[in-house]
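Student: This is the structure, below, for whatever I ask next.
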Amino acid sequence: MLLTTASILATLGGAMLASASASKAACNQETLNTTSFNYVNDIENQTVHDIAVKFNRGVCDIGRANLMVDVSVVPNVGQTIIIPGQVCHPDWTTCVIDGPGTNDCLIGGPRLYYTLNGDTMWKIAGRLNMTLDAVTCGGDSCNTNITCIDGICPGGGGSQYTANETIPAGQFIKIPMCYPSTCDIEPYTFSAGVYKDLAEKYGSTVGQIQMLSPTYNYSYIANEGGTSPPIALAKNCRLLSSNYTILS
């Protein structure tokens, strides 16, 4: 059985390598449409992934061309999006947040998360590298009777929403914080990439950077010769003690 399994794996591996080699050989750059252009979104609830499929581009290539917070943010109708030129190996993965994280509170804050178009509790947990339960319930048992007052949802803030229920844009949700903890914050000119690139480089999360510039979600102007957008950057987020409490 071991020999059979090894044989199967070897065969599959060889097939995958052959397929990859064939794909590389089959890509003729002269046949690619390398011209970038502007696309004005005219379809409600059309995702960046939908747009990428429509124009045969990688979703991450589009995200980085537009300095996006996260490619899972749903573009508004009327939003102008740069469609970059085609490449032989479009990027569909490196900008994508895998899902909720493992932390039970937010290391270093801030407190209030401002929802963007298409947000769900599942997406928010992923952007903050927190568990779904922590973001939804504040680390405690959920109180399904919680309601948002004046657009602010009390802590753990999202217990009135199911994991994949779309939350209206413009809501403030209180996020449970770890105490004691801190982040360094500094002004930053956002000129390349997506927020995931910044978070991985500087030691924070997509959501924390988003929370410091809550109404920003993308910019196509910078890549057309305009000014790169200034944002506040959270960096070096860290616990100040191995013993911490959750402020929910």
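The values are calculated or read from the model by the stated rules, or taken from the named source; none is laboratory data. The shown structure was predicted, so the numbers you read here are calculated from the model rather than taken from an experiment. Using ideal geometry, Cβ is built from the backbone for each residue, glycine included, and neighbour counts are taken over all protein chains shown.
Student: Having 3 or more residues that are buried (at least 22 other Cβ atoms within 10 Å of the Cβ) and either modelled with pLDDT of 95 or more or not acidic (Asp, Glu) (or both) is the bar; report the helices (runs of 4 or more DSSP H) wholly within the range 37-127 that clear it.
Tutor: 59-65, 121-127
Student: Are there any pairs with C-beta distances below 9 angstrom linking a residue in the range 108-125 that is without any contact (Cβ under 8 Å) to a residue 40 or more places away in the chain to a residue that is in a loop (DSSP other than H, G, I, E, B) and of a type in the set (S, T, N, Q), with the two at least 6 apart or on different chains, and if so which?
Tutor: Matching pairs, first to second residue: Ala125/Thr131.
Student: Sticking with this structure for a sec: So for the range 75-95 (the condition being aliphatic (A, V, I, L, M) and under 13 Å from the mean Cα position of the chain (by Cα)), does at least one residue qualify?
Tutor: First, the residues of the range 75-95 that are aliphatic (A, V, I, L, M): 77, 81-83, 87.
From the residues that got through so far, the ones that are under 13 Å from the mean Cα position of the chain (by Cα) too are none.
No, the range 75-95 contains no residue that is aliphatic (A, V, I, L, M) and under 13 Å from the mean Cα position of the chain (by Cα).
Student: Among residues belonging to the range 144-173 that are at pLDDT below 90, in contact with a helix residue (DSSP H, G or I) (Cβ under 8 Å, 6 or more places away or on another chain) and over 14 Å from Tyr114 (Cα atoms), point out the one that is surrounded by the fewest Cβ atoms within 10 Å (Cβ to Cβ).
Tutor: The qualifying residue surrounded by the fewest Cβ atoms within 10 Å (Cβ to Cβ) is Thr162.
Student: Assuming Ser204 fulfils every condition listed in (1) in a loop (DSSP other than H, G, I, E, B); (2) surrounded by fewer than 15 Cβ atoms within 10 Å (Cβ to Cβ) apart from one, which condition is it?
Tutor: (2)
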